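Student: The structure under discussion is supplied below as structure tokens; questions concerning it will follow.
Read-outs throughout are calculated quantities, based only on the coordinates presented, and are distinct from any laboratory measurement. If you're wondering where the values come from, they're calculated on a predicted model, not measured in any experiment. Using ideal geometry, Cβ is built from the backbone for each residue, glycine included, and neighbour counts are taken over all protein chains shown.
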Amino acid sequence: MLRTICRRGGSILLQTQSATPRLWITPVQQRWASSLPMNTVILFVPQQEAWVVERMGRFHRILEPGLNFLIPILDRIRYVQSLKEIVIDVPEQSAVSLDNVTLQIDGVLYLRILDPFKASYGVEDPEYAVTQLAQTTMRSELGKLTLDKVFRERESLNSNIVHSINQASDEWGIRCLRYEIKDIHVPPRVKESMQMQVEAERKKRATVLESEGTREAAINVAEGRKQAQILASEGEKAEQINKAAGEAQAVLAKAEAKAKAIRMLSDALAEQNGNAAASLSVAEQYVSAFSNLAKSSNTILLPSNTGDISGMVSQAMTIYSTLAKTNPTTSPEVVEKKMPDVLDQLIPPEEERTQQMNSEH
């Protein structure tokens, strides 16, 4: 008995589905949904669909997927809502940006029905209403942005449109999941100006990069010269320090050698026959002094007793003895230092010799 009723109900359901027209959103787009089935007492609701049932013209309940039973004549299936995610193609429309540029924009809208009751009784055609709301929201959001920001802030524009749609569609039981802008068509003249702007921007970047390269090269050259000068000055400084240190060491070495020589001379003078050695040294310095007479001037004035070297040495030794007697505490080093003065007394300077020669003439 139950099997016969099910077969008859299925045949009636097929006939009603072939005879019932489908629901349209716009003249161009058709919404997919099952046709309104007739009440056959025993009904099988497909998965991801919600059938809204009215009893005597008033909302009764929503049939869940699977097996359901209805009362004939009293219950009627009024709406069939799909709970799947719905993709709606938003038609192309014109919008004016903040800088008065007319744009042609189209998009894609992703929806899902969360509450079949609100979607059935809250608005006449929820999908059409959401589509119109998306278009108006898109125009209002584009009016807040300039042309350059429209391309840069595409993601924020999509999120703003989704937020605005969800604020109004909560009462319709529909949730907007995503909104994506597919194409943005710019007028030809604006596109040409944008292309020129891009070329100018690229030329500007190239010029800036070239100038930065020139500046970096000049900085590197100047830095290299600076480092070279610093290194050269440091090398010269080190050379001067080394030279001064060498001269100081040479002076110290000469002083130490001279001091050692004077000590040895003083030791020799203190020994036996020291006077003879001193006489020999005086005679050598005397001869050496005569050898330098002609170096500073061509005029040479010789004393009358030039050949009497022994007398000159005796006179020098007499002066030496006089210095030693007048200053008993004087060391031999001091006497050695004063020896050139003694020779100067024996051999007058060039000026005195010149004056003597003039007075004789």
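Student: Magnitude of the Cβ-charge dipole of the range 84-186, K/R +1 and D/E -1, about the Cα centre, nearest 20 debye?
Tutor: Using only the charged Cβ atoms, the result is roughly 220 debye.
Student: A follow-up question, please. Tell me the label-point distance for the pair Met196, Lys254, using the 7 Å Cα-to-Cβ offset, in nm and rounded to one decimal.
Tutor: The two pseudo-label positions are separated by 8.6 nm.
Student: Dipole of the range 187-271, Cα-centred, from +1 at each Lys and Arg C-beta and -1 at each Asp and Glu C-beta, to the nearest 20 debye? Please report the intermediate quantities before stating the final value.
Tutor: Values: 15 positive and 14 negative charges, 87 e Å.
Its charge dipole is roughly 420 debye.
Student: Mind jotting down the distance between the C-alpha centroids of the range 175-190 and the range 249-263, whole Å?
Tutor: Here the two parts' Cα centres lie 101 Å apart.
Student: Hey, any idea what Rg/Rh is for the range 35-82, computing Rh the Kirkwood way over Cα pairs? Each step should come with its number before you reach the end.
Tutor: Details: Rg = 9.5 Å, Rh = 10.5 Å.
Computed over Cα atoms, the ratio is 0.91.
Student: According to the Cα gyration tensor, what semi-axes, each the square root of 5 times an eigenvalue, does the equivalent ellipsoid of the range 187-271 have, listed from largest to smallest in whole Å? Please report the intermediate quantities before stating the final value.
Tutor: Values: eigenvalues 1303, 4, 3 Å².
Computed over the range 187-271, the values are 81, 4, 4 Å.
Student: Given the Cα atoms of the range 84-186, and with Rh set as the inverse mean 1/r over their pairs in the Kirkwood sense, what is Rg to Rh to two decimals?
Tutor: Numbers: Rg = 13.9 Å, Rh = 13.9 Å.
Rounded to two decimals, Rg/Rh equals 1.00.
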